[in-house]
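A short worksheet on the structure shown next.
Please treat every number below as a calculation from the coordinates, not as lab data. Just so it is clear, the structure is predicted and the values come from calculations on it, not from any experiment. When we count neighbours, we look across all protein chains shown, and the Cβ atoms used for this are built from the backbone with ideal geometry, even at glycine.
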Amino acid sequence: MTNQIYIYNSLSGKKEKFEPVQSPNVGIYVCGPTVYSEVHLGNCRTFISFDIVVRYLKFIGYNVRYVRNITDAGHLENDAEIGEDKIAKKAKIEQLEPMEIVQRYTLDFHKVMSLFNAITPNIEPTATGHIIEQIEMINKILKNGYAYEKNGSVYFDIKKYISEGYKYGELSGRSIDDLISGSRDLDGQNEKNETVDFALWKKASPQHIMKWLSPWGDGFPGWHLECSAMGTKYLGNQMDIHGGGMDLKFPHHECEIAQGYAANKISPVKCWMHGNMLTLNGKRMSKSTGNTLLPEELFNGNNELLEKAYSPMVVRFFMLQAHYRSVLDFSSDALNAAEKGFHKLMEAKNKLDKANYIKTNINEIIDQEIKKLCLDCYKHMNDDFNTPKTIATLFEIVSQINSKLADVSFGMISEDTFLELKKTFNGFIEEVLGIKDVKKGNEAITDGLIDILLEMRDEAKQNKNYALSDKIRDQLINLGIVIKDNKEKTTYTIT
Ligand SMILES: [Zn+2]
């Protein structure tokens, strides 16, 4: 691998040389959504950050297996160990089967990810599809002596674990003494030996609907277990990269480390990566204060905090202008600026795409400068996937293209440099950053619209329904056409 990557490992708190267990194969696991409501924008940012990691690894030649799970059981309210399952609770409110909730929000999640042009994981396992693997892992941890059974539940034995020299709390920077003295004894949890112990398997109460048969009776897996069981199944006992939002460091990822060591005697992850959060107009996003934004609202502009609608590609480009470990603040001003930048980048790309190279007098200084800028794109991505610096370099290339290069058919640089420029500039925009031009020229839009009109005619014939279907709305959005619909979705303004 000619490109040596350095990644900030949340566990060591340092940038480390990236050395996969079985190079050129790379295994990466990302904690996916709990599918009980529309995916929120903070999660979208996390998934887009890891989309970039996967894309870049592939771009420089690694053979990547990308696993991102769907949590469809076991995640209880407030991320706690008591309370209702988030999915079962929503199902009760909507009077649906839990799996209807799962299906609805999984489809919604996929739709949003596809609008953001995120690549599909190689495997997208579900917790309910891996109950057997989770039971097997619990048996292994029990056999190795790091867990105990109490009244039909199984708990991880933290005291035993740390007595053997393992650390619990290292990833999130918590001291074990604080964790032991600080954990409250909540109702129903006092059957645990220590309040800091966490559930691997929970006995189901009679009213709990999402439950399975196990050696310990009817119950359900603890939330942290699914990622350990599925990560091990598809990526082996030690995976190269495990990612997620930073809110998952504790307890979720801390418990995954403990489970991995306890079952397989090896650190389950070589490199832990965590994405930072989003703010909106400088404040934390929160449903209760109304300071919140859904991806859908960004695309249709139906939120009073927005001046207008933005195409998913502009939003994606905007997100990449911040490093994944920095807080990103959403505001109309910042989105408007990103939109201008996006179009400027795409115009330069179009110029380069259409250029016919004609050799004239080569200017060595400019030739060297272009070569250096191309190398800089790799240099910045090799440095912990620094997308803002990469984008800044792409804009330096844009300045070069706009100043004189394109006017003289790129003849000021050698043909080799011209080809390298095309490969790097297009490769980084399309493959690494995953940015597509939303306005592919009038011809493409006309073709796209004709297809959509034909489809609308067929839909109308079949359903006697003239409202836009979700599918057609998505196609229009993909063409860069902004659709503002009212709440009843009966009238539309298409711009
Ligand atoms: Zn997880």
(request) Would you compute, from DSSP H runs of 4+ residues alone, the mean residue ellipticity of the chain at 222 nm, taking -39500 (n - 2.57) per run and dividing by the full residue count, rounded to the nearest 500? (result) -13500 deg cm²/dmol
(request) Using only Cα atoms, tell me the angle between helix 223-235 and the longest principal axis of the chain; keep it within 0 to 90° and round to the nearest 10. (result) 60
(request) Could you list THR106, THR289 in order of exposure, starting from the residue whose Cβ has the fewest other Cβ atoms within 10 Å? (result) THR289, THR106
(message) Return the equivalent ellipsoid semi-axes of the chain as a descending list in whole Å, where each equals the square root of 5 times an eigenvalue of the C-alpha gyration tensor.
(response) 44, 30, 19
(message) Under 8 Å for C-alpha pairs, at least 6 residues apart: give me the relative contact order for the range 245-332, rounded to a whole percent.
(response) 29
(message) Taking 0.36 nm per residue of sequence separation and subtracting the Cα-Cα distance, how much length would be gained by fully extending the chain between SER114 and ASN363, in nm to one decimal?
(response) 85.3 nm
(message) Taking 0.36 nm per residue of sequence separation and subtracting the Cα-Cα distance, how much length would be gained by fully extending the chain between LYS351 and ASN193, in nm to one decimal?
(response) 50.1 nm
(message) I'd like the Karplus ³J(HN,Hα) series for the range 67-75: coefficients 6.51, -1.76, 1.60, θ = phi - 60°, whole numbers in Hz, and an x wherever there's a Gly or Pro.
(response) 10, 9, 8, 10, 8, 10, 6, x, 8
(request) Jot down the per residue volume, in cubic angstrom and as a whole number, of the convex hull over the alpha-carbon atoms of the range 240-377. (result) 186
(request) Before anything else, pin down the relative contact order of the chain: Cα pairs under 8 Å, at least 6 apart, normalised by residue count, whole percent. (result) 16
(request) Give the cross-link partners of LYS111 among the aspartates and glutamates, using a straight C-alpha distance below 12 Å as the criterion and excluding same-chain residues fewer than 8 apart. (result) GLU38, GLU296, ASP470, ASP474
(message) Just want the answer: with Cβ charges of +1 for Lys and Arg and -1 for Asp and Glu, which residue in ASN361, THR195, SER181 is farthest toward the dipole's positive end in the chain?
(response) ASN361
(request) Between the alpha-carbon centers of the range 79-123 and the range 17-65, tell me the distance in whole angstrom. (result) 20
(request) Averaging sequence separations of C-alpha pairs under 8 Å and six or more residues apart, then dividing by the length of the range 277-426, give the relative contact order as a whole percent. (result) 24
(request) Kindly state, as a whole number, the per residue volume in cubic angstrom of the convex hull around the alpha carbon atoms of the range 160-283. (result) 173
(request) Would you mind checking the tilt of helix 332-354 against the longest principal axis of the Cα atoms of the chain, expressed as 0 to 90 degrees and rounded to 10? (result) 50
(request) May I ask you to list the aspartates and glutamates whose Cα is less than 18 Å away from that of LYS192, ignoring any residue fewer than eight positions away on the same chain? (result) ASP79, GLU81, GLU149, ASP157, ASP177, ASP178
(message) Nothing charged except the Cβ atoms of Lys and Arg (+1) and of Asp and Glu (-1): what's the magnitude of the dipole of the range 189-337 about its Cα centre? Round to the nearest 20 debye.
(response) 280
(request) Enter the angle in degrees (range 0 to 90, nearest 10) between the Cα long axis of helix 387-400 and the first principal axis of the Cα atoms of the chain, meaning the one along which they spread out most. (result) 0
(message) For the pair ILE450/ILE132, report the inter-label distance in nm, with labels modelled 7 Å from Cα in the Cβ direction.
(response) 5.2
(message) For SER181, SER332, which order do you get if you count the other beta carbons within 10 Å of each Cβ and list the fewest first?
(response) SER181, SER332
(request) Give me the distance in nm between label points sitting 7 Å out from Cα along the Cα-to-Cβ direction at ALA334 and ASP247, one decimal. (result) 1.7
